[in-house]
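Since the structure comes first, as structure tokens, the remarks are kept for the end.
Since every read-out is calculated from the coordinates, none of them should be taken as a lab result. Because the structure is a prediction, the values reported are computed rather than measured. Please note: Cβ atoms are built from the backbone with ideal geometry, for glycine as well, and neighbour counts cover all protein chains shown.
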Amino acid sequence: MSGSRILYNVPCSVCHDNSSGKHYSVYACDGCAGFFKRSVRRNRIYHCKNRNKCVVDKYRRNQCRACRYRRCLDAGMNKDGRIHK
């Protein structure tokens, strides 16, 4: 099984999709871990058009970057942390 990722029975703390392990101190899927990494490295500032009330789940996680980033922080993602596999 080269190239495949191990999925854990623990859901992503951000979007509740299957997590691929601990990333930045929380269980997260590769999508949310990558999103958080890019947001931090590029010093992104996002703004929500829906008063920070957007649904962030595995189907709608890409609809509002501001709410997704806030959910990353609320879940406990640490921008100083490393990705642990």
Residues satisfying the stated conditions in the range 8-52, i.e. assigned to a loop (DSSP other than H, G, I, E, B) and either β-branched (Val, Ile, Thr) or free of Cβ contacts under 8 Å to residues at least 12 places away in the same chain (or both): Asn9, Val10, Val14, Arg42, Asn43, Ile45, Arg51
Total residues in the range 66-80, condition in contact with a helix residue (DSSP H, G or I) (Cβ under 8 Å, 6 or more places away or on another chain), surrounded by 18 or more Cβ atoms within 10 Å (Cβ to Cβ) and more than 12 Å from Ala28 (Cα to Cα): 2
The range 4-45, residues that are over 16 Å from Lys79 (Cα atoms) and aromatic (Phe, Trp, Tyr): Tyr8
Total residues in the range 30-43, condition on the phi < 0 side of the Ramachandran plot and exposed (fewer than 13 other Cβ atoms within 10 Å of the Cβ): 3
